[in-house]
Every structure is written in structure tokens, then in C-alpha cells.
Amino acid sequence: MAELQRPTLCCCRKVLTVPSKSCEGGRTLGQCRLVDIASASNFHSFKLRHFHLDLHLNFALKRMTGWQVLELVPIQPGVQTLVLDTHPSLHIHSIDCKVPGTAGSPDIFLSLTYRVDPFTDYGSSLNISLPASVIRPHRAFQITIRYTTTDGPAIWWLDAELTCGQTRPLVFTQGHSVCNRSFFPCFDTPAVKSTYSATVRVPEGVTVLMSASRSAYSKQDRVFQFSMEFPVPAYLVALVAGDLQHADIGPRSRVWAEPCILTCAVSKLGGSVERWLAVAEGLFGPYVWGRYDIVFLPPSFPIVAMENPCLTFIISSILESREFLLIDVIHEIAHGWFGNAVTNATWEEMWLSEGLATYAQRRITTEAYGEAFTCLETVFRLDALHRQMRLLGDNNPVSKLQAKFEPGVNPSSLMNLFTYEKGFCFVSYLSQLCGDIKRFDSFLRAYIEKFKFSSVVAQDLLDFFLGFFPELKENCASQREGLEFERWLNDCGPPLFEPDLSAGGVLTGPVQRLCELWGTDAPDAQAITTFDLSTWSTFQTVLFLDRLLDRSPLPHEVMSQLSHSYSALLDGMNAEVRIRWLQIVVRNSFYPDLPRVRSFLLKHTSRMYTVPLYEDLCGGVMKCFAVEVFYQTQARLHPNLRRTLQQILFQTSAGTTMSTVSALPCTSSPTLDASPVLAPPVLAPPTTGPTPADPPANGTIALRDVNVSA
Ligand SMILES: [Zn+2]
């Protein structure tokens, strides 16, 4: 295990990886703050060596009860308080301290006093008073916190009806970005990494998995044991427990899923994962985590996929969309190097994880599937980035790579396409600067080797880059006019450079030509029939539909012709294709295809396929239809999603309340004239998407639906 380099923080919220450095304000250790964590005031006062969780899972009561042991070493004198992040949903019963004896003296056991203070709406501050008489710098001690946690933002209890098999309940956790403080008290910052272990007791028939490198199971005691032997930040600790079975799909990979979807999952991934891992290792060096397993979760999983180390969590809804599944899994594999091995030290620089992982994902797909496919996927995503840009405006601060948090802002809300795609463009620019993509691969390998198991800031990456390519440093590459590194990091607006994607022309060209044909008031039916969508790849079709969606509202005659040409064909395609066509249907109030919207919403119960359609329905003239479908399906929706949809449906900008709207009569088959008057597209079409556990729906542009992979 590599020794951790502990970053320190200044009041200006810059992370200093060299403790003696100071920030621009001249302040150093102890004078800094991070606004998203209560533990910021003191986490650099301790080294967290390891922590252990011992939990009993009670599905009937939806509770986890047990204790956590933290092994800490004070690294500064005079430390009297330990501050950890926690959450109101986590109830602490007691806190004890053990200080190992020295020179033959016995261990010291003490009961500690503590206080929980409010911090933000996503967390609380746990202040533990330390016994000054026994806490000494560099002398390890243990804190044991006995607690019960229920249904906080990190913990998703699913009743049996919400699982794929509908026979047993299931629970999973989702820590990103700052949710795990409701799972266990912690330094909830990516700057702090430690090893961890866990003992989890469950009822019979339940299998537990964690983001850990080792596991063991005692059938007699129904106890699962886990150990993560490499240091990870708190947000990468993850657990899932339910009726899960597995099948091996490679020498170091297995798929886990509920029995009813296991065969399908294996058939979609078998043979591919090891190939992708091998390509990634050829590019970026050894995969350090040992295993790469994947667990498929029910549609209630609030995002598409999460890069939990050793065990990617992924939503089962993506199984039917092969190319999206491929991209999402490769993206999570890329996080094994970028994000998990080397982590952004603050959430303000999330692009260091997502921008680099997106670049790495595209290097892998270029090697495995060719440049044309990779360029097509990139065009599709950069289209979405520019769509978002148009909606947000050029001066929106969320388009900065280095975000600046204000107190109380949940870092999860800053997860957006800029983090991924503007970050990707900056990394592509660095790659282009060095002039040779293979040399840049070597740089990335060296970057991982130097910083693995630590957390970094952008300056670390850029300093290392200029050190690796001294000729660029000599030529002042960081200062090229209009492309200054500082400008990349701190300016609002679109990327300053986009990579050459002309190699994708063979695939994007037909899409462009078909879009042009449909761009007239009287499309040439004969010419259109020469394009056979059934032979297109999914990314070609979704790119085509996204561009049609951008042009909505369309003339009614064009909509009729589109429906005649494609509606039946698209019915047989995957959900990523279908939702886009149905959004076009809704945004154009095209009633003949409304039954297709209903059957889609009756089938799909994941956030990524329901929220965009309900928002479009409510943004137009089909709200009554939406309300009716919602009442038909709500029993099969997770309570968090149900709440989000209720907010969309019943808390409109007009201030309508749930009680008044639900009392309005609704027709089951709207017979209103198809009006072209629709709200302009507010949100990017879905591709994949992390969303905070229970985000507000307030009618403003919400980044929660900016669909990105975690
Ligand atoms: Zn990611």
C-alpha cells in the first residue's frame, strides 16, 4: 500500500499537497475550510489509518445497526476535538475511545462525550471531545461509535415490489458525492483516503456485496466479511444486499444480479469485460484493484452507474441498450485509474475524475472499436454539451471546470456535462499539445504511477504534465494566448478547444444528411427512404433524434411524416432510442403516438426514463395525461422518484399545489387540439444520469437531469 500524501487546505479553499506551502492569502494549516464538510476544520489534524464497520441489516425495520471503529493518529499537538461528518438520519448511541498502553501499561478505555450540531441540509457535524490527558501526537488511538442508521440519502431500501424479481427486498448505498455521511460518520471528503473492513449480518437468503477487494462468508452465522486493502475515500464505500446470484465472465470478473436478469446480463457482457480491462492496462498500466465485478441493480438505482472499486454498480434498465451499456461499463472501468486510484481532492475539481475518465474511456473504445465509433459517441455527447450551453448561457458559473462552492450548496448538484465533456476537451487539448497520442498515454501511465492512492488538485496534474514534457514548459505551453491553462480552469463558457472528430464522418455524415432532409417544410419522401435506420447504430439513431428534438416544435405535417416513417420501427428499438422519439412526440403534442408514451411509462420505472418525459408532458399541454399515467404507475416507483414526479406534476411555476391539481378532472385520452405551443426544451435529453437522492423540482434549469454517468 502506498503511503498517503495528505493534502491540506487553506481558507481560500485551495488544497495544498505540500504542508509547508501557503495559499494566496498566506494562510496555512488550521486556517482553512471546505464548505461542504463539517470535518474540514480538523481532518488534517489526524491520519485516518483504517476503519471497520460492523453492521446488522434489518429489512423489516429498514435499519442498519452496529458500530464503527476508526483508527486514528493525531498528527498535531493539542487536538481536543474530533469532528466528523454525519447526518440527521444517523442516530448515535455511544462513543468510546481506546488508547493502547505503552511500555507495559494497560490499554486505556474511556467513554467520550459528543455533540451533534446542524451543518447543512445534507449533513450534520459530530463533535467528539477527546481526552487531552491521553491523546498525544503520533500515538494511535481507536474511536468506537455505536449507531443506527435508517433511510438517509446514501441508503436505498427497496421493498420486494421494487426489485426485478419482486420476491425479496433489497438495499443498496450510493455515496457520491456527500451522501455516505448518512451511512457511517466520516471525513466525507475525497481528500481523505483509508483502508476499510466490514462485517455485515443479514437474514437468511440475502447476499451482501461491498466495494472491497476481499470477502468471506459464514453460512452458519449469516455473516459476510469484507476488506478493502487499498485506501479509498468515504464516497467509494458501497454496499448492496439482496437476492443476488453471480456468474463468472472472465478471470477476474463476475456479474452479480437478481436471478431473473442474470442470464441476460451475462449474455450482454460475457467475454467483453476482460478485453476492455486488457486494453485499458495496455494504455494506462496495471489495474490495481484486483477484481472488476459488476452488480446490476433494480430500476430504482438513482443514477446509471457508479464506479465503486472492485464492484461497479449499474442500473439494470441499461441492459437493453447495448451500445450505452458498453460505454457505461468502459467508463466505469476507466475510473479504476482516473477517479479511484487518483482522486480529485475536492468536489470543486470533479473534472479531474470525470474529464480524465471520459478521455480514458474514449482511448479504450478507440482501441477496441475504432476511431469512427469513438468520434460518433463524442459528437453525440458534445452536441449535448452545446445544448446545455445554449440553455444555461455563456456566463453560467457551472460551466467552469473549477467550480466555487458557496456554503450550503450540495456538491452533488454540481455534477454536470461540463465536468465530463469540457474536462474531456481540456485533456484532449493537453494530448494535442504533446503532439503524439502515444506519448500522452505514457504521460497518463506515469501520472497514475506517481499519484495512485492519493488525492490531487489540478495544479498537481498540470505541474506533472509540464515536468513530463519539458519542451512544453520551455515554450510556455500553459500560456498560449486564448488557451491559457488558467483560462481553461476558471473561465465560463464552451471548451476553448475541441478535438478533431472528422474520423467519425463515415457514421455522422448520414445522420447529418438525413437531418437536412427533414429540415424542410416538405421533406423529400423518396430521398428519405434511402436511409435505413434499422441498419444504423444506436448512437447514430439517438444523434439523429436529438437533433430533431432540438428543432421541435416541428410542423404538424412533418411530425405526421416522421411518425409514418419511423414510429413503428422505433417501437422495436431500445429504450435510449425510444425515449427520444417519445420526447419528440410530447414536445410536438402529437396525439396519435401518445399511446406509445403511455406504454413506455407503464414499462419503465427508472428515473432516467421517467423524469424527462414527465417534465416534457408537464411543460406542454399533456399534464392531465401525465397525472393519469402517474396514478397508474406510482405503486411501482421508488418513494424518492414518486416524490420527484409529484413535484413535477403538482408544483408548477404557476404555484399550483398537489391538492388542487389532483382534484381537477382529467381526460384519459386528451382530445385537445395539437398545439405547437410548447415550452422550449429545458433539459438535455437523457443519455445517462446521476441525480441526487431526492432533488427538488422547481421549474428552473436543474442540473439533476443533465444526464451523465457517475
Ligand atoms: Zn464517471
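Overview of results
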| quantity | calculated |
| --- | --- |
| Filter result (more than 16 Å from Cys515 (Cβ to Cβ) and not acidic (Asp, Glu)) within region 571-582 | Gly572, Met573, Asn574, Ala575, Arg578, Ile579, Leu582 |
| Residue tally, condition buried (at least 24 other Cβ atoms within 10 Å of the Cβ) and assigned to a loop (DSSP other than H, G, I, E, B), over region 158-175 | 2 |
| Region 435-489: number of residues that are among the charged types (D, E, K, R), in a helix (DSSP H, G or I) and more than 27 Å from Val398 (Cβ to Cβ) | 9 |
| Helices (runs of 4 or more DSSP H) (entirely within region 252-346) containing at least 1 residues that are in contact with a His (Cβ under 8 Å, 6 or more places away or on another chain) | 259-269 |
| Test for Phe485: is it within 27 Å of the chain's Cα centre (by Cα), closer than 17 Å to Leu283 by Cα and of a type outside the set (Val, Ile, Thr) | no |
| Residue check, Val79 modelled with pLDDT of 95 or more, surrounded by 17 or more Cβ atoms within 10 Å (Cβ to Cβ) and either part of a loop (DSSP other than H, G, I, E, B) or not acidic (Asp, Glu) (or both) | no |
| Lone qualifier among Thr374, Thr365, Thr358, Thr378 - being touching a Leu at 6+ places or on another chain (Cβ under 6 Å), hydroxyl-bearing (Ser, Thr, Tyr) and assigned to a helix (DSSP H, G or I) | Thr378 |
| Residue in region 214-229 that is among the charged types (D, E, K, R) and under 22 Å from Asn344 (Cα atoms) present | yes |
| Subset of region 589-603 (residues that are part of a loop (DSSP other than H, G, I, E, B) and either surrounded by fewer than 19 Cβ atoms within 10 Å (Cβ to Cβ) or of a type in the set (Ser, Thr, Tyr) (or both)) | Ser589 |
| Single condition Val409 does not satisfy, out of (1) surrounded by 16 or more Cβ atoms within 10 Å (Cβ to Cβ); (2) touching a helix residue (DSSP H, G or I) at 6+ places or on another chain (Cβ under 9 Å) | (2) |
| Any hit, region 357-365, residues being within 20 Å of Leu430 (Cβ to Cβ), touching a strand residue (DSSP E or B) at 6+ places or on another chain (Cβ under 7 Å) and either at pLDDT below 95 or not hydrophobic (A, V, I, L, M, F, W, C) (or both) | no |
| Selected residue (only one of Ala334, Ala345, Ala372, Ala360 is touching a residue at least 24 places away in the same chain (Cβ under 8 Å) and surrounded by fewer than 24 Cβ atoms within 10 Å (Cβ to Cβ)) | Ala372 |
| Residues being at pLDDT 95 or above and touching a helix residue (DSSP H, G or I) at 6+ places or on another chain (Cβ under 7 Å) - total across region 511-523 | 5 |
| Test for Arg387: is it part of a helix (DSSP H, G or I) and either within 21 Å of Ser177 (Cβ to Cβ) or within 15 Å of the ligand (Cβ to nearest atom) (or both) | no |
| Condition met for Asp293 (surrounded by fewer than 24 Cβ atoms within 10 Å (Cβ to Cβ), closer than 19 Å to His176 by Cβ, more than 16 Å from the ligand (Cβ to nearest atom) and of a type outside the set (Lys, Arg)) | yes |
| Subset of region 204-233 (residues that are part of a loop (DSSP other than H, G, I, E, B) and within 21 Å of Phe453 (Cβ to Cβ)) | Ser211, Ala212, Ser213 |
| Failed item, numbered, when Glu516 is tested on (1) surrounded by fewer than 18 Cβ atoms within 10 Å (Cβ to Cβ); (2) touching a residue at least 24 places away in the same chain (Cβ under 8 Å); (3) not β-branched (Val, Ile, Thr) | (2) |
| Of residues in region 296-343 being within 11 Å of the ligand (Cβ to nearest atom) and of a type in the set (S, T, N, Q), the one farthest from Lys268 (Cα to Cα) | Asn340 |
| Test for Ala360: is it within 16 Å of the ligand (Cβ to nearest atom), of a type outside the set (Phe, Trp, Tyr) and touching a helix residue (DSSP H, G or I) at 6+ places or on another chain (Cβ under 7 Å) | yes |
| Scan of region 619-635 for residues that are touching a Phe, Trp or Tyr at 6+ places or on another chain (Cβ under 9 Å) and either of a type in the set (D, E, K, R) or free of Cβ contacts under 8 Å to residues at least 40 places away in the same chain (or both), ordered by number | Ala626, Val627, Val629, Phe630 |
| Which listed residue is surrounded by fewer than 22 Cβ atoms within 10 Å (Cβ to Cβ), touching a helix residue (DSSP H, G or I) at 6+ places or on another chain (Cβ under 6 Å) and not basic (Lys, Arg), from Gln220, Gln225, Gln245 | Gln245 |
| Total residues in region 269-304, condition in contact (Cβ under 8 Å) with a residue 24 or more places away in the chain and closer than 30 Å to Gln166 by Cα | 17 |
| Qualifying residue in region 404-413 (condition: in a helix (DSSP H, G or I), on the phi < 0 side of the Ramachandran plot, away from the ligand (no atom under 15 Å from the Cβ) and among the β-branched types (Val, Ile, Thr)) | no |
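Conditions tested, residue by residue: (1) crowded, with 18+ Cβ neighbours inside 10 Å; (2) more than 29 Å from the chain's Cα centre (by Cα); (3) of a type in the set (Gly, Ala, Ser).
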| residue | (1), (2), (3) |
| --- | --- |
| Thr102 | no, yes, no |
| Asp107 | no, yes, no |
| Ser125 | yes, no, yes |
| Pro131 | no, yes, no |
| Ile135 | yes, yes, no |
| Gln142 | yes, yes, no |
| Tyr147 | yes, no, no |
| Trp156 | yes, no, no |
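The values are calculated or read from the model by the stated rules, or taken from the named source; none is laboratory data. A quick note: this is a predicted structure, and the numbers were derived from the prediction, not measured. Ideal geometry is used to build each Cβ from the backbone, glycine not excepted, and the neighbour counts take in all protein chains shown.
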